[in-house]
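Enquirer: What follows is a structure written as structure tokens; I'll ask about it next.
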Amino acid sequence: MKWLALIVLLLGALACAPRAQATTTCSITSVTALALGPVDPTGSFVDASATLNYQCTYSGLLGNLYGTFVTACASVSADDQGSFAPRTVVNASNDRMAYQVYQDAGRTTIWGTLGNASYPPRVWNTSIGILSNGAQVTGSLNVYGRVPAGQSTLSPGSYAGSLSTSLTYSYNEALLSIGTPPAACNGGGTGGPLTAAGPTMNVTASVAARCTFGTATDLLFGNVPGLLTVATDQTSLLRVTCTNRAPFQLGLDNGANASGAQRRMGSAGQYVNYELYRDSARTQRWGNTLNSDTYAGTGSGSEQTVTVYGRVPPQAAAMAGTYSDLITVTVTY
């Protein structure tokens, strides 16, 4: 009975002991880079993730008999332009790619900062029990990133930016770990609120030059008098979509019936000469030698239409028939 009374008295004394003899400290220890990877401006959205690591330490003279309960808020800043929605990364040409950082895997809750009503911080709880003087608890939070689709005007290059982080926390130190976390990270506990600056989260992305060939309309010269004493002109259209600011070249081969460099349409062993040009005056022959006789253009991120100018020149009379040829188009970028 005397021992029991002594224990009860000791517990009573400890209950009155000042909490200042114990200390709870928390911080963000590291943040991995958010590498958004290659982005296709005409494709779908791109998802990536990073990891935010944190640590809390509990220590003090009476730490072995007290536990601590922590409510923490991790904040992730706006981008370099002060924007939360969207955040952007930038390339060497000062083009900006929109992206976003979310708290959840469903990418519905934007990760923001303490005190921001529209874009709040990530809030969570942790604790350290009794008999844990000097103990640390560590953990990690996933950072969910996304580059939205519909950014067709992005140009090729490497994009980069950074976001700062910080941690605000409050805590309750409770005898024998009989307690609960504070209602908020910025108040309501026996300790705090405290704010610690965290490391910078680097954000990167890239866009590669890309072209996709759409369609080519047939070049129809129509019904041509068999004597072929005058030139017959017609046009065709090529459609191509290339990354904004990406240089490209369109080349045309000599066709399936060529004689050397002379393009020819064929019919049952008979041929009609014709030619393809890059200009309406029909002075610039269209071939497939890069940087020489190809069509050179620059992508806009949208479909572009290029005209092929065809001509059947005056030549010896040809037998009646349906003449045709097949040209292969090459896109180089």
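Enquirer: Kindly indicate which of PRO148, PRO120 is touching a Gly at 6+ places or on another chain (Cβ under 6 Å), more than 30 Å from TYR66 (Cα to Cα) and either polar (S, T, N, Q) or surrounded by fewer than 19 Cβ atoms within 10 Å (Cβ to Cβ) (or both).
Expert: PRO120
Enquirer: Something else about it: Go through (1) at negative phi; (2) under 45 Å from the mean Cα position of the chain (by Cα); (3) in contact (Cβ under 8 Å) with a residue 60 or more places away in the chain one by one and return the number of the condition MET265 breaks.
Expert: Of everything listed in (1) at negative phi; (2) under 45 Å from the mean Cα position of the chain (by Cα); (3) in contact (Cβ under 8 Å) with a residue 60 or more places away in the chain, MET265 misses just condition (2).
Enquirer: For the range 236-262, enumerate the residues that are more than 17 Å from THR330 (Cβ to Cβ), of a type in the set (Ser, Thr, Tyr) and under 40 Å from the mean Cα position of the chain (by Cα).
Expert: THR243 - this is the single residue of the range 236-262 that is more than 17 Å from THR330 (Cβ to Cβ), of a type in the set (Ser, Thr, Tyr) and under 40 Å from the mean Cα position of the chain (by Cα).
Enquirer: Go through the range 130-150 and give me each residue that's at pLDDT 95 or above and not aromatic (Phe, Trp, Tyr).
Expert: Once the filter is applied, which keeps residues that are at pLDDT 95 or above and not aromatic (Phe, Trp, Tyr), the range 130-150 yields THR138, GLY139, SER140, LEU141, ASN142, VAL143, GLY145, ARG146, VAL147, PRO148, ALA149.
Enquirer: Here's another thing I want to ask about it. Which of (1) without any contact (Cβ under 8 Å) to a residue 60 or more places away in the chain; (2) in a loop (DSSP other than H, G, I, E, B); (3) surrounded by 15 or more Cβ atoms within 10 Å (Cβ to Cβ); (4) over 40 Å from the mean Cα position of the chain (by Cα) does GLY287 not meet, given it meets every other one?
Expert: Tallying (1) without any contact (Cβ under 8 Å) to a residue 60 or more places away in the chain; (2) in a loop (DSSP other than H, G, I, E, B); (3) surrounded by 15 or more Cβ atoms within 10 Å (Cβ to Cβ); (4) over 40 Å from the mean Cα position of the chain (by Cα), GLY287 fails exactly one: (4).
Enquirer: I've got another one for you. Can we say ALA281 is part of a loop (DSSP other than H, G, I, E, B), under 18 Å from THR235 (Cβ atoms) and open to solvent by 30 Å² or more (accessible area, probe 1.4 Å)?
Expert: Values: part of a loop (DSSP other than H, G, I, E, B): yes; under 18 Å from THR235 (Cβ atoms): yes; open to solvent by 30 Å² or more (accessible area, probe 1.4 Å): yes.
So ALA281 fits the description; yes.
Enquirer: Look at ASP79 and say whether it is open to solvent by less than 20 Å² (accessible area, probe 1.4 Å), assigned to a loop (DSSP other than H, G, I, E, B), at pLDDT 95 or above and not hydrophobic (A, V, I, L, M, F, W, C).
Expert: Yes: the conditions hold for ASP79.
Enquirer: Can you give me the number of residues within the range 171-225 that are closer than 30 Å to VAL70 by Cβ and over 35 Å from the mean Cα position of the chain (by Cα)? Can you show your working first?
Expert: Taking the range 171-225 as the starting set, the residues that turn out to be closer than 30 Å to VAL70 by Cβ are 171-203.
Restricting the remaining residues to those that are over 35 Å from the mean Cα position of the chain (by Cα) gives 171-183, 187-193.
Result for the range 171-225: 20.
Enquirer: Output the residues belonging to the range 133-184 that are in contact with a strand residue (DSSP E or B) (Cβ under 7 Å, 6 or more places away or on another chain), of a type in the set (A, V, I, L, M, F, W, C) and closer than 26 Å to ASP80 by Cα.
Expert: Listed by number, the residues that qualify are LEU141, VAL143, VAL147, LEU154, ALA160, LEU163, LEU167.
Enquirer: Can you tell me how many residues in the range 95-114 are surrounded by fewer than 16 Cβ atoms within 10 Å (Cβ to Cβ) and without any contact (Cβ under 8 Å) to a residue 40 or more places away in the chain?
Expert: Residues meeting the conditions: 4.
Enquirer: Identify, please: which residue in the range 151-179 is modelled with pLDDT of 95 or more, open to solvent by 40 Å² or more (accessible area, probe 1.4 Å) and assigned to a strand (DSSP E or B) and is, among those, farthest from ALA72 (Cα to Cα)?
Expert: Within the range 151-179, the match that is farthest from ALA72 (Cα to Cα) is SER158.
Enquirer: Out of (1) at pLDDT 95 or above; (2) in a strand (DSSP E or B); (3) open to solvent by 50 Å² or more (accessible area, probe 1.4 Å); (4) not hydrophobic (A, V, I, L, M, F, W, C), the odd one out for SER127 is which?
Expert: Here SER127 clears every test but (1).
Enquirer: Consider ALA98 against the criteria (1) under 22 Å from the mean Cα position of the chain (by Cα); (2) assigned to a loop (DSSP other than H, G, I, E, B): it satisfies all of them except one. Which criterion is unmet?
Expert: All conditions are met except number (2).
Enquirer: Can you confirm whether THR32 is at pLDDT below 95, in contact with a Ser or Thr (Cβ under 7 Å, 6 or more places away or on another chain) and closer than 29 Å to ALA209 by Cα?
Expert: Details: at pLDDT below 95: no; in contact with a Ser or Thr (Cβ under 7 Å, 6 or more places away or on another chain): yes; closer than 29 Å to ALA209 by Cα: yes.
So THR32 does not fit the description; no.
Enquirer: Follow-up. Return the pair list, or none, for Cβ contacts closer than 7 Å from residues in the range 176-191 that are over 17 Å from ILE128 (Cβ atoms) to residues that are hydroxyl-bearing (Ser, Thr, Tyr), at least 6 apart or on different chains.
Expert: The qualifying pairs are ALA184/THR71; ALA184/SER170; ASN186/THR168; ASN186/SER170; GLY187/SER170; GLY188/SER170.
Enquirer: Of all residues in the range 257-278, count the ones that are touching an Asp or Glu at 6+ places or on another chain (Cβ under 6 Å) and either polar (S, T, N, Q) or surrounded by fewer than 19 Cβ atoms within 10 Å (Cβ to Cβ) (or both).
Expert: Total satisfying the criteria: 1.
Enquirer: Quick one: which strands (runs of 3 or more DSSP E) sit completely within the range 180-251 and have at least 3 residues that are open to solvent by 50 Å² or more (accessible area, probe 1.4 Å), of a type in the set (Asp, Glu) and modelled with pLDDT of 95 or more?
Expert: none
The values are calculated or read from the model by the stated rules, or taken from the named source; none is laboratory data. Since we're looking at a predicted model, the values are computed, not measured. Please note: Cβ atoms are built from the backbone with ideal geometry, for glycine as well, and neighbour counts cover all protein chains shown. We work out accessible area using only protein heavy atoms, side chains counted, and drop any ligands, DNA or RNA first. Shrake-Rupley method; radii C 1.70, N 1.55, O 1.52, S 1.80 Å.
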